[in-house]
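I'd like to ask you about the structure that follows.
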Amino acid sequence: MSRLVSKRSVRRIGKSYRSVTGYAPTGFGHIPYESTLERDFVTLAEILPGVTDILSQPVQVRYAVGKVYTPDYKVSFADGSYWLVEIKYRKDLKEDWEAFRPGFKAAVHQARLEGGRFRILTEVEIRSSALLENATFLKDYRSRREEPNYEQRMMRMLEELGETTPRILLEACFESDHHFASAVGYLWRLMAVGLIRADLTQPLNMKSPIWLGRSPELHDE
C-alpha cells in the first residue's frame, strides 16, 4: 500500500562534477535543480496557467516496507490540483525502467486519490516545443517594474478588443513610434505575470493571438 508523506524539500544542492546544479530564481522562490533539464522544467512550469507554487522534492511516497520514492517536483494549481513530476532523460528512463516502475506506480495511485496527477517528463516533452523558448524569453520580464500608464491602457483596450494581436493592441493604444516601442516591454511583462494570455506552445511574435488573462484584482490576491 502506498502512502504519501508531505514535507518541505529536503533537497540540498552541492557541487557536482557530473551535472549542472543550482537554484533557479522564480516568483515562488529559488527552486533547486540538479540538471539542466530540471532547470528548464522549472523555467517552463513557472508560466503554466494557474500555477501557484513549485516545490522541489516536497513529498515521499512509501510503497513497500523500507521503500520510499521521492518525486523531483510538486507543481500546485489554483484549482487545488497538483502534479507530482519526475524529470528524467529518456535514455536513463529506458535503461532503469524496471527499477523505477514500482515507485512511479505508487505515485500515480496516490496522486489520483488526492486529485493530483503524476507526470514523467523527459527532454522530449520539455524541450521539443516553443513553450520553453517562450518561458525563457518572458522570464526576464517578470521582475520588471510596473508602468501603470502603459499597462492600464493596454488592459482596458484589450478588454474592448477581445482577442487580438500584440501589434494591433499596441497600434490601438499608442500613436507615436516612441510610445509604441516603449510599451512593448510592458506588454511582455503583462504576459509574463498572466494578465495577458497567449498560446505559449506556439512561437510568440507580434502576430500571435492574445487575450485578457486573470484580472489585476485576482493577481493581487
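The values are calculated or read from the model by the stated rules, or taken from the named source; none is laboratory data. What you see is a predicted model, and the numbers here were worked out from it, not measured in a lab. FYI the Cβ positions are ideal-geometry reconstructions off the backbone, even for glycines, and counts take in every protein chain you see.
Go through the stretch 89-108 and report how many residues are in contact (Cβ under 8 Å) with a residue 40 or more places away in the chain and either under 24 Å from the mean Cα position of the chain (by Cα) or not in a helix (DSSP H, G or I) (or both). Give the steps one after another, and end with the answer.
Going through the stretch 89-108, the residues in contact (Cβ under 8 Å) with a residue 40 or more places away in the chain turn out to be 89, 103, 105-107.
Pick out the ones that are also either under 24 Å from the mean Cα position of the chain (by Cα) or not in a helix (DSSP H, G or I) (or both) and you get 89, 107.
Number satisfying all stated conditions: 2.
Still on this structure, I have one more. Could you list, in sequence order, all residues of the stretch 119-141 that are crowded, with 16+ Cβ neighbours inside 10 Å and in a loop (DSSP other than H, G, I, E, B)?
Residues satisfying the conditions are Thr122, Tyr141.
Hey, another quick one. Checking the structure you have, find out if any residue of the stretch 197-210 is in contact (Cβ under 8 Å) with a residue 40 or more places away in the chain, in contact with a Gly (Cβ under 8 Å, 6 or more places away or on another chain) and surrounded by 13 or more Cβ atoms within 10 Å (Cβ to Cβ).
Checking the stretch 197-210: at least one residue is in contact (Cβ under 8 Å) with a residue 40 or more places away in the chain, in contact with a Gly (Cβ under 8 Å, 6 or more places away or on another chain) and surrounded by 13 or more Cβ atoms within 10 Å (Cβ to Cβ).
On to the next question. How many of the residues making up the stretch 178-194 are loosely packed, with under 13 Cβ neighbours inside 10 Å and modelled with pLDDT of 95 or more?
To start, the set of residues in the stretch 178-194 that are loosely packed, with under 13 Cβ neighbours inside 10 Å comprises 178, 181.
Those left that are additionally modelled with pLDDT of 95 or more: none.
Number satisfying all stated conditions: 0.
Let me ask something additional. Would you be able to say whether some residue in the stretch 154-177 is in contact with a Phe, Trp or Tyr (Cβ under 6 Å, 6 or more places away or on another chain), surrounded by 15 or more Cβ atoms within 10 Å (Cβ to Cβ) and either assigned to a strand (DSSP E or B) or of a type in the set (A, V, I, L, M, F, W, C) (or both)? Quick ask: steps written out before the conclusion?
Step one: filter the stretch 154-177 for residues in contact with a Phe, Trp or Tyr (Cβ under 6 Å, 6 or more places away or on another chain), giving 163, 170, 174.
Next, only the ones that are surrounded by 15 or more Cβ atoms within 10 Å (Cβ to Cβ) stay: 170, 174.
Now drop any that are not either assigned to a strand (DSSP E or B) or of a type in the set (A, V, I, L, M, F, W, C) (or both), which leaves 170, 174.
Checked against the condition, which is being in contact with a Phe, Trp or Tyr (Cβ under 6 Å, 6 or more places away or on another chain), surrounded by 15 or more Cβ atoms within 10 Å (Cβ to Cβ) and either assigned to a strand (DSSP E or B) or of a type in the set (A, V, I, L, M, F, W, C) (or both), the stretch 154-177 yields at least one hit.
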